[in-house]
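Enquirer: Please read through the structure below; I'll follow up with questions.
The values are calculated or read from the model by the stated rules, or taken from the named source; none is laboratory data. All values derive from a computational prediction rather than experimental measurement. Because the Cβ atoms are built from the backbone with ideal geometry, glycine has one as well, and the counts that use them run over all protein chains shown.
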Amino acid sequence: MHSKSLKAKDSSLVSYYILCALRVALVLVPQVGYIHPDEFFQSVEVIAGDEYGLEVTRTWEFNRTFPIRSIVIPYVGLKIPLSMLRFVSMYTRHYLGVNLRGTYVTLVFPRLLMLALSFVNDWSLWRICKTYGLDGQFRMLTLASSYVMLVYATRTFTNSIEMALCSLLVYIVTECMIHSNTVIYQREFLEEKYRKAQKTVDRVRLYKLKMSLPSHSLNKCALMATICVFGVFNRPTFILFGFPFVFQWMLRGMGTKTVSFSDFNIRMFTFVASAIPALIFCIVVDSLYYGYLTPAEVERLEIGINNFVVTPLNFIRYNMNSDNTKQHGVHPYYLHLLVNIPILYNVLGVIAVTSFVTMIYRFGSAEYTSLPRAQSIVGLMVSAIFFPIATLSFINHQEPRFLLPITLPLILLHAPKLKNGLCSSYPFKERSLLKDFLYNHFLSTRASSRYLLRVWYTTNIALTLFYGFVHQGGVYQLAEHMGRQIEVRSATTHIHLVTSHIYSMPQCFLNLPSTQTLLVNPENGQKYRRDRQFFLYEYGSLDLGQLYKKLKLILDISEMKAISSNQKYLLYLAIPSSLSEELNNVFHNRTSALVKHTQVKVFYPHLSIEAMPKLLGQHLCGINTDADELEDTCPIYAHDDEQNPFSVSRVLKEFSSLIHQFGLILYRIEVRKKIE
């Protein structure tokens, strides 16, 4: 049995290393999936614009009049590495002809930094398991096999940084807890022996032993306080995720003879004092970046309260107003608990919620002996999972990624249940057919090995593929293609790109110099700004009829400029291929407008939730360009057997149509020279 256990552990460890290698490979491939605009527009888009002087989109969160995003973490974590990369790129381009500022590097390099940060979660989990003597290998395997680590953790989300900082905080607090418990136990043991000792020699020896015990009350205080400050400036919701750990750290040993309420107060005041240096640093950096504080004012010591900005405070003020959060979407209060947790952690999330409900039931039934102690690691992990979920549920805008910091506590607490089952023994007091069925098929170890592990791995594979490569996967490919088009086109040619039913396209991938930067002509000293070459129009999920009117307006204006000032232009439209048939109909019904659309390229795979593929009804011909040419280009109209819904030809074409709808089509929009 012992050898089998060792083999199982070795197998888990090998599988973990394979999954770590997969995490690295998925970053380098690269993943073209696009989870949410925040992964670019709260980090890469802003910093790349600042460092490389590119034409980018600065979102309202970085508005200098009321900034709610701190620049400290992006500056230290991304701007400094990008500066080093730019320096190295000068030499690689000169000596090797290798450009390190291309679209691929702009996408992958920040993700490599996040990849390195993601292993903080792994390291913290391993250290906690080793400290407490827990089964670390299966927990590590569970963590590494989660799509949260394979996809979310390697993206440039502030939530991913929050997860890593929270995991590090978990490790520090749990280590302090076990250290304090050990020291307190030894101190109380020696004090008891000291009181009972009769001989002076024994009392002196015991007193020296007691005084030689290491201090524990303020252990790691400065480190914790610094992590918390940077966590809050990265994302103020860190207050909710970090509170259970900080409170537990202050509560260590309460109720014993050697730790009193005064120790709690001392820890609290010391923690606050230790946070001041990091707090001042973050406020000063933000104030300098957003222009509230200038080096000249510092030099003249003309500094007042209005020279400082506290971005977390602005963030909280903004989100406390429900009218503001409504603009980003209103969700029901139960969404985090019943939907977002299962989306992130599938069966493991369901197990966590079920276990928490069971604990509440036992508390209501006065079964207190079955509940974890408040100062135990189990009690800490339960509060670390459900306290932030409960508080975040009061905010009417909820997204799954907001819950990423609970990943380590959830896996630490519940991962073994994937292989051992929810119950190690029969949990019911009385037997019945229904209870036997529940135990044998859902709760026992046999049921777990049969269902839970399979569901866990299958779901995570599917979600890795979906969010890593399919969801909005054409946006990056579109940006890469447009970047190449801009490079080969003349600088005097204006390129207009209209997008609909897709996420915002990060312009940093186009590598366009900023038109806002003031330049100086070295020959005559005249100041000027670059002319704008690329124009992006993003219309969200606009009705296609209205979209056609927008296209017609842009086309008319461009034609007028082409006639009056000989200004060359190119107009493109990017739209999910699932809407191509409807788009063809719109253009076909407006032939008098003399506008045509020609397919340039289709980017696969791509799926927009805003434009889901149609399972039936749209044929492969729908992705062709001109609706009035369908009968000539599509053989589907030439076969009578197509009327039979069960014919092989019909089924194959319906399947082909479905597959082709998972794409993003780029159309060239231009004036029709003649009516055909």
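Enquirer: Go through Arg362, Arg401, Arg373 for me and flag whichever is charged (D, E, K, R) and within 21 Å of Ile239 (Cβ to Cβ).
Expert: Arg401 is the lone residue from the list that is charged (D, E, K, R) and within 21 Å of Ile239 (Cβ to Cβ).
Enquirer: A follow-up question, please. Quick check on my filter: what residues within segment 255-280 are surrounded by 12 or more Cβ atoms within 10 Å (Cβ to Cβ) and assigned to a loop (DSSP other than H, G, I, E, B)?
Expert: Thr256, Thr258, Val259, Ser260
Enquirer: So Gly329 passes all but one of these: (1) in contact (Cβ under 8 Å) with a residue 12 or more places away in the chain; (2) assigned to a helix (DSSP H, G or I); (3) among the small types (Gly, Ala, Ser). Which condition number does it fail?
Expert: (2)
Enquirer: Another question, then. For segment 22-71, how many residues meet the condition of being charged (D, E, K, R) and part of a loop (DSSP other than H, G, I, E, B)?
Expert: Matching residues across segment 22-71 total 4.
Enquirer: Still on this model: So if I check each of Arg300, Arg362, Arg317, which one is closer than 30 Å to Tyr451 by Cβ and of a type in the set (D, E, K, R)?
Expert: Every option except Arg362 fails the conditions.
Enquirer: Could you say which residue among Phe245, Phe233 is touching a residue at least 60 places away in the same chain (Cβ under 8 Å), surrounded by 20 or more Cβ atoms within 10 Å (Cβ to Cβ) and touching an Asp or Glu at 6+ places or on another chain (Cβ under 9 Å)?
Expert: Phe233
Enquirer: OK, next. Under the condition of being within 21 Å of Val378 (Cβ to Cβ) and aromatic (Phe, Trp, Tyr), which residue from segment 158-201 is surrounded by the fewest Cβ atoms within 10 Å (Cβ to Cβ)?
Expert: Here the answer is Tyr185.
Enquirer: For segment 187-214, give me the residue count where each residue is out of contact with any helix residue (DSSP H, G or I) (no Cβ under 8 Å at 6 or more places or on another chain) and either touching a residue at least 60 places away in the same chain (Cβ under 8 Å) or under 22 Å from Ile172 (Cβ atoms) (or both).
Expert: Result for segment 187-214: 1.
Enquirer: Out of all the residues in segment 188-233, which are of a type outside the set (Ser, Thr, Tyr), within 30 Å of Ser167 (Cα to Cα) and either touching a Phe, Trp or Tyr at 6+ places or on another chain (Cβ under 7 Å) or in a helix (DSSP H, G or I) (or both)?
Expert: Once the filter is applied, which keeps residues that are of a type outside the set (Ser, Thr, Tyr), within 30 Å of Ser167 (Cα to Cα) and either touching a Phe, Trp or Tyr at 6+ places or on another chain (Cβ under 7 Å) or in a helix (DSSP H, G or I) (or both), segment 188-233 yields Cys221, Ala222, Leu223, Met224, Ala225, Ile227, Cys228, Val229, Phe230, Gly231, Val232, Phe233.
Enquirer: Let me ask something else about it. Can you say whether Gln477 is closer than 29 Å to Leu168 by Cα, crowded, with 18+ Cβ neighbours inside 10 Å, at pLDDT 90 or above and touching a His at 6+ places or on another chain (Cβ under 9 Å), as far as the supplied structure shows?
Expert: no
Enquirer: Go through the residues of segment 371-378 one by one and say whether even a single one is assigned to a helix (DSSP H, G or I) and farther than 30 Å from Phe281 by Cβ.
Expert: yes
Enquirer: One residue is enough: does segment 285-297 have a residue meeting the conditions part of a helix (DSSP H, G or I), loosely packed, with under 13 Cβ neighbours inside 10 Å and out of contact with any Pro (no Cβ under 9 Å at 6 or more places or on another chain)?
Expert: Yes; the residues of segment 285-297 include at least one that is part of a helix (DSSP H, G or I), loosely packed, with under 13 Cβ neighbours inside 10 Å and out of contact with any Pro (no Cβ under 9 Å at 6 or more places or on another chain).
Enquirer: List pairs: first residue in segment 119-146 and within 14 Å of Val170 (Cβ to Cβ), second residue at pLDDT below 95 and in a loop (DSSP other than H, G, I, E, B) anywhere in the structure, Cβ distance under 6 angstrom, at least six positions apart or on different chains.
Expert: Arg139/Ala415
Enquirer: Report whether or not Phe138 is assigned to a helix (DSSP H, G or I), at pLDDT below 95 and under 30 Å from the mean Cα position of the chain (by Cα).
Expert: Against the criterion (assigned to a helix (DSSP H, G or I), at pLDDT below 95 and under 30 Å from the mean Cα position of the chain (by Cα)), Phe138 qualifies.
Enquirer: Can you confirm whether Val76 is in a helix (DSSP H, G or I) and free of Cβ contacts under 8 Å to residues at least 60 places away in the same chain?
Expert: So Val76 fits the description; yes.
Enquirer: Another one. What are the residues in segment 386-417 that are out of contact with any Gly (no Cβ under 9 Å at 6 or more places or on another chain), outside any helix (DSSP H, G or I), surrounded by fewer than 21 Cβ atoms within 10 Å (Cβ to Cβ) and not polar (S, T, N, Q), if any?
Expert: Phe394, Ile395, Pro416
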